[in-house]
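Peer 1: Structure provided below as C-alpha cells; questions to follow.
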Amino acid sequence: MPPTLRNANLTEKLSEILTRQIESGERAPGSRLPTEEQLAAEYGVSRTVVREGIARLKSDGLVTTRQGLGAFVAETLTAAPFRIQAAGAETPQEMVQQVFELRIGVETQAAALAAERATAAQLREIRTALKQLEQVQKHGGDGVEEDMRFHRAIARATNNRIYDDFARFLERHVREQLGISRRNSTVAGWLQAVQQEHQAIYDAIAARDGMAAAQAAGAHVRNGMERLRKFHAH
C-alpha cells in the first residue's frame, strides 16, 4: 500500500514516485497507467494533481497519452531528464545552498550577455519589470512574481534560447526561496536592498557594461543566499 502524499508539493512528489516505478521496470514499457481516479485514490491526492503529474511525465518522455484510452508508459524511454531534487543525505538547507551556487554562474553570465545583446525593446521589458516590482513593494506586496519577471526578462535579453529555457527550469526553486524569505515580516527591510541590487543590474545592462552587470548579478545572488541563511537562523 503506497504512502499517502501529504507534502505541499504533491505534483512533484507524485511524479517522482511514478518516475521511479517506470525507470525501475515496476511499470513496464507499453503498460497502461491507472486512471486519474485510481491514482488519486491510491496516493490521496486530487485528480488535478494527478493530471499535472502525468503531464510532467509526458514532457519528460516517460509516458504517452492516447485519446479516450488514457496514459501509457513509453515503449522506449529517453535519457533521464535533468532534475533538481535532494539526495537522501542532503538537507533542505544544503539543497538551497547548491541552487544558489548554480544561480551565481547562470545569472552572472546571463546579465553579461544581456548587456551585450539586449535590444531596445528588451531593455524596456527589464525596466518595466523593475518598476512593477518597486510599485508592488511600495504597496506592501511580497513582489515574488514581479521579481521572477525581472529575472526572466534578463534571461530573454541574452537572446540565447537555452538560457531562457534554463531560467524557466530554475524558476520554481527560486520562487520557493523568495517566498520563504518574504513571508516573514522581520525581513521586510531586505526588500529595499533587493531593489537597489536589481537597479544596479539594470543600470549596468542598460550601459552595455557586461563586467559590471555580471558583478552586480553575482552580488545580488550572494546577498540573497546570505539573506536566506539569516532567515533560517532566526
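Since every read-out is calculated from the coordinates, none of them should be taken as a lab result. Remember, it's a predicted structure, so these values are computed and weren't measured experimentally. All Cβ positions, even for glycine, are placed from backbone atoms using ideal geometry, and neighbour counts span all protein chains on display.
Peer 1: Could you please report the charge total around ALA212, scoring K, R as +1 and D, E as -1 over all other residues with beta-carbon less than 15 angstrom from its beta-carbon?
Peer 2: -4
Peer 1: Additional query: Determine, for each peptide in 56-68, 195-207, the mean count of other beta carbons within 10 angstrom over its residues, then list the peptides with the highest first.
Peer 2: Averaged packing, sorted descending, gives the order 195-207, 56-68.
Peer 1: Work out how much length GLU37 to ARG208 would gain on full extension: take 0.36 nm times their residue separation and subtract the Cα-Cα distance, in nm to one decimal.
Peer 2: Value of the extension gain: 56.1 nm.
Peer 1: When only C-alpha pairs under 8 Å and at least 6 residues apart count, what is the relative contact order of region 5-73, in percent?
Peer 2: Once normalised by length, the contact order is 37 percent.
Peer 1: With +1 on each Lys and Arg Cβ and -1 on each Asp and Glu Cβ, how big is the dipole of region 94-175 about its Cα centre, in debye rounded to the nearest 20?
Peer 2: Dipole size: approximately 320 debye.
Peer 1: Related question: Considering the options ALA28, THR65, ILE17, tell which one lies farthest towards the positive end of the dipole of region 5-73, charges being +1 on Lys and Arg and -1 on Asp and Glu at the Cβ, about the Cα centre.
Peer 2: Highest projection toward the positive end goes to THR65.
Peer 1: Let me ask something additional. Using every Cα-Cα pair within region 92-233, state what percent have a distance larger than 19 Å.
Peer 2: Roughly 47 percent, once rounded to a whole number.
Peer 1: Please list, or write none, the lysines whose alpha carbon is within less than 19 Å of the alpha carbon of LYS58, excluding same-chain residues fewer than 8 places away.
Peer 2: Of all the lysines, those that pass the test against LYS58 - Cα under 19 Å, at least 8 places apart if same chain - are LYS13.
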